[in-house]
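The values are calculated or read from the model by the stated rules, or taken from the named source; none is laboratory data. Everything numeric in this text was worked out from a predicted model, so none of it was measured. Note: ideal-geometry Cβ built from the backbone for every residue, glycine included; neighbour counts use all protein chains shown.
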Amino acid sequence: MKRIAIFASGAGSNAARIIDHFRGHAGIKVSLILCNNPEAGVLAIATREGIPALLLDKEKFFRGNGYVDELRENKIDLLVLAGFLWKIPASLVQAYRGRIINIHPALLPKYGGKGMYGRHVHEAVLAAGEPRSGITIHFVDELYDHGQVIFNATCEIAADETPGSLAQKVHLLEYEHFPRIIEEVVNLQNQR
Ligand code: GAR
């Protein structure tokens, strides 16, 4: 059984889709939720689903070893960032290199980096007059929104698009593809 940890900071609608996708799965289990925000909806999802959750302490995350010990104690194989807003510290990247996946709500390398999350991303894409946006699923390295791209999907931007309507389109792409791509990454790792 491969064990996944989901890192999330907000509502957790992607986390909920991932949990649904792997419920009862023979080879993959969502085993732990890690969250930096005590108010985040994802914590209620963890409680509802009976999945253990860790509330991250900022000092420990950035100055300690990035919760590597806790992840190892929980025998976590893959880290999935689903709307997680803290940068992953180098100690954690090194311990889990090639085994951390992030989803970004735009077509990287544009519209990524510090401060580019959620609504800010969609506002920047519309302000630039882009004809399309989409999602990027990528491995995480030491730089923000930078590692090797695993998958992209795109959507057209309508003439009357708003940040809210674009966020909805992008979320639909995320729900459609993210759980399936996570499964593909685990399958590829199993073959190694
Ligand atoms: C998602 O759209 C995700 O791509 C984005 O935050 C949203 C979280 O929604 N992530 C980033 O912006 C990371 N830079 P959710 O909490 O409902 O899954």
How many residues of segment 1-25 are within 10 Å of the ligand (Cβ to nearest atom) and touching a residue at least 40 places away in the same chain (Cβ under 8 Å)? The answer is 11
Could you count how many residues in segment 69-91 are surrounded by fewer than 20 Cβ atoms within 10 Å (Cβ to Cβ) and over 17 Å from N14 (Cβ atoms)?
11
Would segment 142-162 turn up any residue that is surrounded by 16 or more Cβ atoms within 10 Å (Cβ to Cβ), β-branched (V, I, T), closer than 19 Å to L81 by Cβ and within 11 Å of the ligand (Cβ to nearest atom)?
no
Are any residues in segment 104-144 farther than 19 Å from G164 by Cβ and not in a loop (DSSP other than H, G, I, E, B), and if so, which ones?
T136, I137, H138, F139
Among the residues of segment 92-103, count how many are in a loop (DSSP other than H, G, I, E, B) and either within 13 Å of the ligand (Cβ to nearest atom) or in contact with a Leu (Cβ under 9 Å, 6 or more places away or on another chain) (or both).
2
Take segment 145-183 and flag every residue that is touching a residue at least 24 places away in the same chain (Cβ under 8 Å), in a strand (DSSP E or B) and more than 23 Å from Q94 (Cα to Cα).
N152, A153, T154, E156
Can you find even one residue in segment 47-65 that is away from the ligand (no atom under 13 Å from the Cβ), of a type in the set (F, W, Y) and under 29 Å from A153 (Cβ atoms)?
no
Does segment 77-88 hold any residues that are within 16 Å of the ligand (Cβ to nearest atom) and part of a loop (DSSP other than H, G, I, E, B), and which are they?
A82, G83, F84, L85, W86, K87, I88
Please verify whether segment 69-76 includes one or more residues that are polar (S, T, N, Q), more than 9 Å from the ligand (Cβ to nearest atom), part of a loop (DSSP other than H, G, I, E, B) and more than 21 Å from E184 (Cα to Cα).
yes
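Condition check ((1) more than 20 Å from L32 (Cβ to Cβ); (2) within 14 Å of the chain's Cα centre (by Cα); (3) surrounded by 17 or more Cβ atoms within 10 Å (Cβ to Cβ); (4) at pLDDT 95 or above) across all residues:
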site: I101; (1), (2), (3), (4): no, yes, yes, yes
site: L107; (1), (2), (3), (4): yes, no, yes, yes
site: K110; (1), (2), (3), (4): yes, no, no, yes
site: R119; (1), (2), (3), (4): yes, no, no, no
site: A127; (1), (2), (3), (4): yes, no, no, yes
site: S133; (1), (2), (3), (4): yes, no, yes, yes
Flag for V186 being crowded, with 16+ Cβ neighbours inside 10 Å and more than 16 Å from the ligand (Cβ to nearest atom)
yes
Filter segment 50-68 down to the residues that are buried (at least 16 other Cβ atoms within 10 Å of the Cβ), assigned to a helix (DSSP H, G or I) and of a type outside the set (F, W, Y) and list them by number.
V68
